[in-house]
Structure formats: C-alpha cells, structure tokens
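Below is one structure, written out as structure tokens; comments come after it.
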Amino acid sequence: MTESVSTTEPQIHKGLAGVVVDTTRISKVNPESNSLLYRGYPVQELAARCSFEEVAYLLWHGDLPTSTQLAEFEQTERAGRQLLPNVKAAIDLLPLTAHPMDVCRTAASVIGASHPAAEDSSPAANQRKSVDLFAAMPAVVAYDQRRRRGQDAVPARSDLGYSANFLFMAFGEEAAPEVVTAFNVSMILYAEHSFNASTFTARVITSTLADLHSAVTGAIGALKGALHGGANEAVMHTFEEILAQADGQDLSGHVATWLQDALAAKKKIMGFGHRVYKNGDSRVPTMKAALDDMVKHYNRPDLGELYDALESGMAQAKNIKPNLDYPAGPTYHLMGFDTATFTPLFVASRIVGWTAHIMEQLEANSLIRPLSLYNGPEERHLP
Ligand code: ACO
C-alpha cells in the first residue's frame, strides 16, 4: 500500500530535524539566546533557588507551589518512597548482567501494572501516577546499584528531602550538604527539555491512548541510547580510558593524543554536540559549577583538568561544545555512583518532564502518525 498523499515528491525531514510538530507550554529551548525556560523561569534560577520537588510541581502544574501546596505534595511523595515488595522481587529476577536501564524500564512497567489506577487515564489519575512514579523510582535506582555491590536495600527516610533521601538510599549514609546541593542541581537540569527523543517517544505512545506507564517505559528505552541519555555514562568511560592511559603523568598531553586518535577514527566524542544547541548547551555552565564544587569537595583536581583539556581540545578541533551529560557524568562519579547507574539517575529526574508532556498531549490529543516515502522494490508477484 502506498502512503503517498500528493503527486509531488514529498520533502523528507530525516531525524525530524527542524520540524515543529506541536506546541508546548512546559519548556522553551532557545538556541539563539542559549537559554532554557521551565514554564517561563530560567532553569539556572530554579537550580540556584529551588528544591527538585518545587521544580517538579512547577513542571506539572504550571506554577511554583505555595507553601501549603508544597507541604501536601511532599507528604504524598515521602509516603510513596519505599521499594514495594513486588517491585523488589521483579528486580531480583533480573540478572546482574542486565544494564541498570533495563532494570528501570522493567520497574516502571511493574509499578504501572500494579498501580491501583492502572487503566484510568483521567487527568487526576495521571497526576497521581506521576507523583507516585517520581516517588518510587529513586528506591529502584538505589537498590539496583546496591544489589550489584552485594548490599541490602536501605529503607527510605521520610525526614529528608528528595535528593538527600536518594543519596541516603544509594549509599546508606547521609551525604554532605554540598553533595546534596549538587545532586539537586543535576536533577533540576535533567528534568525537562521539550521534544527530545525520549519525550517525543512518550508523546507518541500517549497519542495512541496507551496508559502513562507504557509511555514512560518506552521513554526509558529511548533514553538508554548513547546518542541521548546514555551519553553521561559514555563520558565516564572516556574519562576512565584517558586516566588509565595517563597513569598520573601529563594528563593534558594524553587528552590531546586520545582526542586526535578518536577523531581520526571518526569516533563521536560522547558528551559533545546537540541537535538543538549549536553554540553550547544552556544547562552546562550550571552543571559545570556543580562539578567544580564536587572536584573541590572530593579533592580530585585531575578530573577538573581532564574536563577542561577535552573541552578545549574539542573546541579547537571541531568547534563542538559540551552538552549536559559532559559535566553530569564526572559529577555522579565523584559522588560515588557506578557508571552504569548514571542514566538511571537521568530517568529519575526526567520522569517529571515525560509525565508533564504525557498530560499535555492528552489535553489536545491527535494520533502521531507520520508518512514515509516507499523506496523498496516495485510491485512484483510470486512465480
Ligand atoms: N563528536 C564528534 N563529532 C561530532 C559530535 C561529537 N560528539 N557531534 C557532532 N559531531 C559532528 C558529526 O560527526 C557531524 O560531522 P560531519 O558533518 O562532518 O559528518 C556534525 O558534527 C553534525 O553531527 P550530527 O550527528 O549530524 O548532528 P545531530 O544534530 O544529528 O546530532 C547529537 C546531535 C546526536 C547529540 C550528536 O552531537 C552526538 O552524537 N553527540 C554525542 C552523543 C551525546 O553526547 N549525546 C547527548 C545529547 S544531550 C542529552 O541527551 C542530555
């Protein structure tokens, strides 16, 4: 069956580059001014002054919460933090060879299938499901890392904020305030970024009227790829490779050689470049400042040196700037997370953006179903 709707040759927008597919009120990415607004607020201001919980509320509801609204939201979120027995059992069934993103994807699906409002996609049910998933995912990510280290799950603490509790569940001890601040900043910066690949995936799935957890599960699959969220993990592999080669000697020199070889082999350098920002990612300066704080806190100037050397090498060789994953990877490494857990941290944060978009899509839904231009064999028949 041909999909052609016109006799003139259709224009193909490979990768949907430059195509505007819908409107959104949730965030505005402006590559010209290098800025990112969440519901009108510059993300840098939010990262400097707000908790991740406040920003989540803003992204879902359109305005920052009043103190009463925040207290009510925090109460619901804190009550939903524990790892449910059926979710833990499902995680335990997965082999330790499974990537932590596969664990997240499975957990999101199990959480959805067992949600009391599983088949209810009303605005109220979806709002509740979003908060429940937001509350539940940190325990999944933290437990999965712990089981890989041969450690037991750490029960959630309801006396701590989201970020402090996340770190507590991951490491079994309270993190220093500076570390909590840097983690909070990373969660805010990762929370939302308009029609990126995983968010668009969530909107496509939602457009079929599938449920919220199906859309989030698909979005997690899209985020796993190295061209998207998987890049924060890939950045750390690059850093580890260079650090191992340098072995404490002439780090900058090793960076230059590594980069020259990688570019000569036509490799993509993970953590650099962006489909929308061509002149630098608006989130990088804020995340880099958080990384600088962590480099100081953990006394790892070598990581700072490596970061700067690779950034300036890429600027010189290709004029390509870092994206958010570049400073986020080493920041999570310094905090003590396993490299394979970095993208699941991104998931925990981006649940907010995905679910905000799922709810927005449903407000004025239209099935997302583009056309394709057939270029296979002409009609033929069996002999
Ligand atoms: N390293 C080396 N070269 C690069 C890089 C990079 N990281 N990024 C772009 N280029 C080059 C390409 O090779 C291409 O060169 P050419 O024209 O000589 O062939 C040119 O720049 C354009 O690159 P495209 O891949 O066509 O640009 P696109 O807009 O499709 O890609 C993307 C954007 C996928 C992010 C790309 O820059 C990339 O692969 N980066 C590495 C992966 C990464 O860091 N992803 C994280 C994205 S941000 C996020 O998810 C938070």
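Within the stretch 290-325, track down each residue that is within 10 Å of the ligand (Cβ to nearest atom) and of a type in the set (A, V, I, L, M).
Met314, Ala317, Ile320, Leu324
Of the residues Ala182, Ala244, Ala256, Ala176, which single one is under 21 Å from Gly304 (Cα atoms) and open to solvent by less than 20 Å² (accessible area, probe 1.4 Å)? Show your work before the answer.
Numbers: Ala244 fails: open to solvent by less than 20 Å² (accessible area, probe 1.4 Å); Ala256 fails: open to solvent by less than 20 Å² (accessible area, probe 1.4 Å); Ala176 fails: open to solvent by less than 20 Å² (accessible area, probe 1.4 Å).
Ala182 is the lone residue from the list that is under 21 Å from Gly304 (Cα atoms) and open to solvent by less than 20 Å² (accessible area, probe 1.4 Å).
Mind counting the residues in the stretch 185-209 that are farther than 25 Å from Met287 by Cβ and either within 16 Å of the ligand (Cβ to nearest atom) or open to solvent by 30 Å² or more (accessible area, probe 1.4 Å) (or both)?
Final tally of qualifying residues: 4.
Would you check which residues across the stretch 326-369 are among the hydroxyl-bearing types (Ser, Thr, Tyr), closer than 20 Å to Asp211 by Cβ and crowded, with 24+ Cβ neighbours inside 10 Å and list them?
Residue satisfying the conditions is Thr355 alone.
Go through the stretch 14-40 and count every residue that is at pLDDT below 95, assigned to a loop (DSSP other than H, G, I, E, B), on the phi < 0 side of the Ramachandran plot and not hydrophobic (A, V, I, L, M, F, W, C).
Within the stretch 14-40, residues that are at pLDDT below 95, assigned to a loop (DSSP other than H, G, I, E, B), on the phi < 0 side of the Ramachandran plot and not hydrophobic (A, V, I, L, M, F, W, C) number 3.
Within the stretch 331-348, track down each residue that is more than 9 Å from the ligand (Cβ to nearest atom) and either under 15 Å from the mean Cα position of the chain (by Cα) or on the phi > 0 side of the Ramachandran plot (or both).
Thr331, Tyr332, Gly336, Thr339, Ala340, Thr341, Phe342, Thr343, Pro344, Leu345, Val347, Ala348
Output the number of the condition that His237 fails; it satisfies all remaining conditions of (1) modelled with pLDDT of 95 or more; (2) surrounded by 22 or more Cβ atoms within 10 Å (Cβ to Cβ); (3) within 16 Å of the ligand (Cβ to nearest atom).
All conditions pass for His237, except number (2).
Kindly state which helices (runs of 4 or more DSSP H) lie completely within the stretch 93-208 and contain at least 2 residues that are under 21 Å from Ala79 (Cβ atoms) and basic (Lys, Arg).
123-148
What pairs come out if I take residues in the stretch 130-151 that are polar (S, T, N, Q) and pair them with residues that are outside any helix (DSSP H, G or I) whose C-beta lies under 9 Å away, six or more apart or interchain?
From the stretch 130-151, the pairs are Gln145/Gln151; Gln145/Phe337; Gln145/Asp338; Gln151/Gly172.
Would you mind stating whether Asp293 is in contact (Cβ under 8 Å) with a residue 60 or more places away in the chain and open to solvent by 10 Å² or more (accessible area, probe 1.4 Å)?
Spelling it out, Asp293 is indeed in contact (Cβ under 8 Å) with a residue 60 or more places away in the chain and open to solvent by 10 Å² or more (accessible area, probe 1.4 Å).
Testing Arg275 on (1) within 16 Å of the ligand (Cβ to nearest atom); (2) touching a helix residue (DSSP H, G or I) at 6+ places or on another chain (Cβ under 8 Å); (3) open to solvent by less than 90 Å² (accessible area, probe 1.4 Å), one condition comes back false. Which one is that?
The failed condition is (3).
Identify the residue in the stretch 1-13 that is surrounded by fewer than 12 Cβ atoms within 10 Å (Cβ to Cβ) and not aliphatic (A, V, I, L, M) and, among all such residues, is modelled with the lowest pLDDT.
Filtering first and then ranking leaves Thr2.
State which residue is farthest from the chain's Cα centre (by Cα) when the search covers only the stretch 158-171 and only residues that are under 26 Å from Met287 (Cβ atoms) and not aromatic (Phe, Trp, Tyr).
Ranking the qualifying residues of the stretch 158-171, first place goes to Leu160.
Can you work out which of the residues in the stretch 278-289 that are within 11 Å of the ligand (Cβ to nearest atom) and at pLDDT 95 or above is nearest to Ala317 (Cα to Cα)?
Applying the filter and picking the extreme gives Val284.
The values are calculated or read from the model by the stated rules, or taken from the named source; none is laboratory data. Since the model is a prediction, treat every value here as computed from it, not as a measurement. All Cβ positions, even for glycine, are placed from backbone atoms using ideal geometry, and neighbour counts span all protein chains on display. Note: areas computed on protein heavy atoms with side chains; ligands, DNA, RNA excluded. Shrake-Rupley method; radii C 1.70, N 1.55, O 1.52, S 1.80 Å.
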